[in-house]
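Just below is one structure, and these are the notes that go with it.
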Amino acid sequence: MLVVTGLAAEARLAAGADIDVVTSGGHGGNLANILHAAIRAKVSAIISFGIAGGLAPGVRPGTLLVARRIIAENEQYYECDRAWSQRLAKALGDVPIVDMAGADRPVADPAGKRALHVATRAATVDTESHVAARVAAAHGLPFAAFRVVADPAERKLPPAALVGVRPDGKLAMGKIMRSLAGEPRQIPHLFRTALDTRAAFDGLFRGRQMLAGGFGFLDFGELLLDVPREDVIGGSLPV
């Protein structure tokens with residue numbers, strides 16, 4: 001299983017036996033190359049895992065969502081593995097299965113979020129899922145995404161939040177402090193963002209505990225156990 005995250009804290013939650021984690025640090029420029037290289041090893045499936053920005057009005061911080069499809073900025077979309085998405089949603093307490101958007105850069109302000117929601121009808125946006133979905137499609141691998149809303153659609157991310165992540169996914173405290181020193185009026189907004197992020201990580205932690213070690217993915221051998229014997233031995237399965 002290959003898990004794609006944006007932050008080091010997300011990667012720590014995702015870690016487990018037979019799981020490889022790739023972290024973009026919110027900088028997706030080289031993510032595709034990293035994923036293609038990682039797939040040279042034995043990978044059975046790819047999942048995008050972490051927090052996301054809210055696009056749909058009324059979706060609150062901490063809301064757990066599973067993807068139906070990922071919509072990229074070029075209007076191309078990638079379908080998620082339907083059966084896997086349904087298993088994820090059920091394991092997480094019958095959470096909604098929604099469209100999610102992928103963007104090369106964070107969508108930070110309410111106007112941008114509103115425009116993206118109108119264009120895609122997606123409920124969330126993040127900077128990894130579209131890259132991970134594209135790579136999974138290129139390699140013929142099952143793909144799913146489990147994301148938890150952090151900043152809601154009506155909330156603007158302060159500048160310090162946008163510069164606060166290093167390429168390895170850890171916090172860039174020096175850049176955060178310099179941003180605050182240059183624009184101290186953003187401090188209350190950064191505090192609000194921190195509370196939203198805390199709610200999102202609480203949800204992400206609960207969700208990770210609810211999922212089995214393999215993120216609800218069944219390998220082919222397990223799938224055969226769920227198929228009637230006559231369909232395994234002969235005859236076509238109904239579509």
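We did not get these values from a lab; they are worked out from the coordinates using the rules stated. In this text the structure is predicted, and so the values were computed from the model without any measurement. A quick note on method: Cβ atoms are made from the backbone with ideal geometry, for glycine too, and the neighbour counts reach across all protein chains shown.
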_A38 paired with A83, simple spin-label distance in nm, labels 7 Å along Cα-to-beta-carbon_ = 2.4 nm
*When the helices in the chain are scored as -39500 (n - 2.57) per DSSP H run of 4 or longer and the sum is shared across all residues, what 222 nm value do you end up with, to the nearest 500 deg cm²/dmol?*
-11500 deg cm²/dmol
*Would you mind ranking V148, V135 so that the residue whose beta carbon has the fewest other beta carbons within 10 Å leads the list?*
V135, V148
*Mind checking the range 41-127 for GluC sites (Glu not before Pro) that DSSP puts in a loop (not H, G, I, E or B) and that have at most 16 other Cβ atoms within 10 Å?*
E73, E75
*asked:* On a full-extension model of 0.36 nm per residue, what is the gain between M177 and R60, subtracting their alpha-carbon distance, rounded to one decimal in nm?
replied: 39.3 nm
*asked:* Testing the spin-label approximation: label points 7 Å from Cα along Cα→Cβ at A138 and A111. State their distance in nm.
replied: 3.5 nm
_Taking R0 as 30 Å, what FRET efficiency do you get between F205 and A17 from their Cβ-Cβ distance, rounded to the nearest 0.05?_
0.95
*What is the distance in Å between the Cα centres of the range 117-144 and the range 177-210?*
24 Å
_Net lengthening on full extension, N30/L195 (0.36 nm per residue, minus Cα-Cα)_ = 56.4 nm
*Counting other beta carbons within 10 Å of each Cβ, put E154, E183 in order, fewest first.*
E154, E183
*When only Cα pairs under 8 Å and 6 or more residues apart are kept, what is the percent relative contact order across the chain?*
27 percent
_D168/V118 FRET efficiency (R0 41 Å; Cβ-Cβ; nearest 0.05)_ = 0.75
